[in-house]
Ligand SMILES: [Zn+2]
């Protein structure tokens, strides 16, 4: 059974979420009952949530760094969502760089969208620009 992770906005617990169940019904936090910030299989995380999730995940984590004012970021979103549905052996997250200004500096992100691939708590690779869905799968292959 495929699973993913989401971090609760209210209590900051990292929740392990069954992927099929998450697609059928909006998942809630196992600790406090708050709705988890998930769209399909893509989870929104803040800077703290990203670090927690990367530390806890037993799967590679694919993180899209974006902002609402960025046109290419918005056109990337559907492809990123598609990739999350096709690669259920990875965790897909989105980080709003406007709401989390420190995160870009911390990770040395110069432009958006940029996609970072993490495994075992560490960055493995990154690619800037809008990535075709198939390319996300290719970049994941050595990590799964
Ligand atoms: Zn919670």
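Bear in mind that the values in this text are calculations on the coordinates, not laboratory data. These figures come from a predicted structure and were not determined experimentally. All Cβ positions, glycine included, derive from the backbone under ideal geometry; neighbour counts span all protein chains shown.
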* Structure fact -> Between residue 144 and residue 24, Cβ-based FRET efficiency (R0 22 Å, step 0.05) works out to 0.35
* For region 38-143, count all C-alpha to C-alpha pairs, find those more than 23 Å apart, and express that count as a whole percent of the total. => 15
* Structure fact -> For region 52-103, Rg(Cα) over 2.2 N^0.38 Å is 1.21
* Asked: What order do you get for 3, 39 when you list them from fewest to most C-beta neighbours inside 10 Å?
  -> 39, 3
* Percentage relative contact order, the chain, counting C-alpha pairs under 8 Å, at least six apart -> 24
* **Computed helical MRE - 222 nm, the chain, DSSP H runs ≥ 4 contributing -39500 (n - 2.57), nearest 500** => -9500 deg cm²/dmol
* Burial ordering of 20, 64, 58, fewest other beta-carbon atoms within 10 Å first -> 58, 20, 64
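Give the average over all directions of the projected area of the C-alpha convex hull of region 1-93, one decimal, in nm².
Numbers: hull surface 23.1 nm².
It is 5.8 nm².
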* How far is it, in nm, from the label point at residue 39 to the one at residue 1 when both lie 7 Å from their Cα along the line to the Cβ? -> 2.7
* Principal axis lengths of region 100-142 from Cα atoms, whole Å, largest first? -> 29, 25, 13
* Asked: Residues in region 122-144 near a label at residue 89, defined as backbone nitrogen under 20 Å from the 7 Å Cα→Cβ point?
  -> 122-126, 133-144
* **Where labels lie 7 Å past Cα in the beta-carbon direction, separation of residue 124 and residue 56 in nm** => 2.1
* Provide 135, 1 in ascending order of the number of other Cβ atoms located within 10 Å of each residue's Cβ, fewest first. => 1, 135
